[in-house]
1. Specify the inter-centroid distance of region 51-93 and region 96-131, based on alpha-carbon positions, in whole Å.
2. The chain: longest stretch without exposed trypsin sites (Lys or Arg not before Pro) (DSSP loop, at most 13 other Cβ within 10 Å), sites themselves excluded?
3. Once phi is turned into ³J(HN,Hα) by the Karplus curve 6.51 cos²θ - 1.76 cosθ + 1.60 with θ = phi - 60°, what whole-Hz value does each residue of region 118-128 show in order, with x for glycine and proline?
4. Label residue 19 and residue 90 with points 7 Å out from Cα along Cα→Cβ: what is the distance between them in nm?
5. By how many nm would the segment from residue 36 to residue 50 grow when fully extended, if each residue of separation counts as 0.36 nm and the alpha-carbon distance is taken off?
6. Given the options 85, 19, 53, identify the residue whose Cα lies farthest towards the positive end of the charge dipole of the chain (+1 on Cβ of Lys, Arg; -1 on Cβ of Asp, Glu).
7. Please return the longest range in the chain lying between exposed loop sites, taking GluC sites (Glu not before Pro), DSSP loop only, at most 13 other beta-carbon atoms within 10 Å, and leaving the sites out.
Amino acid sequence: MVVRAPRPDAPSAGAPGIVDPVAALRDSLLADSTLLRRSWTVTTDSAATSATGEVIWDARTQRGVMRFAGLAPNDRARWQYQLWIFDKARDERYPVDGGVFDIPANGGEVLVPIRARLPVGDAVLFAVTVEKPGGVVVSTRERIAVLAKI
């Protein structure tokens, strides 16, 4: 079962004849042999104890997709996940915000598009943190769920 993090402006994933844009993006990225593809490493955070998946990133087009299975569902009224992309050319205290997302309670595999807020020159680390609803501008990194080191 594949579930994707919903976007408010996206058509219903279950509608007949509609292609899931996140799955289509992932498929197009996987066709490119130059992209970056790394598996997630779990941390000791309770949200990630049984998480698996990968991050796929194309530096040339600045597009990517994260895949998760087993990452704990979140209550978006209490907390959300946020992606951070650490760029070799930037101060590590200020990684690039890759977007805030939710993991639904119904389980299964979840695909999430990466929405980098700034251009990423040379990605060296992808980290998913647990943050307040809506995300933060600068993370304290108190709760890091998964990492993908380059």
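1. Going from one Cα centre to the other spans 2 Å.
2. Counting only loop sites that pass the neighbour cut-off, the longest clear stretch is 1-59.
3. 9, x, 10, x, 9, 5, 10, 7, 10, 9, 10
4. Those two pseudo-labels are separated by 3.0 nm.
5. Working: separation 14, 0.36 × 14 = 5.04 nm, distance 2.33 nm.
2.7 nm is the gain from fully extending residue 36 to residue 50.
6. 85
7. That would be 1-91.
A short reminder: the numbers here are calculations on the coordinates, not readings from a lab. Everything numeric here is computed off the predicted structure, so don't read it as measured data. Using ideal geometry, Cβ is built from the backbone for each residue, glycine included, and neighbour counts are taken over all protein chains shown.
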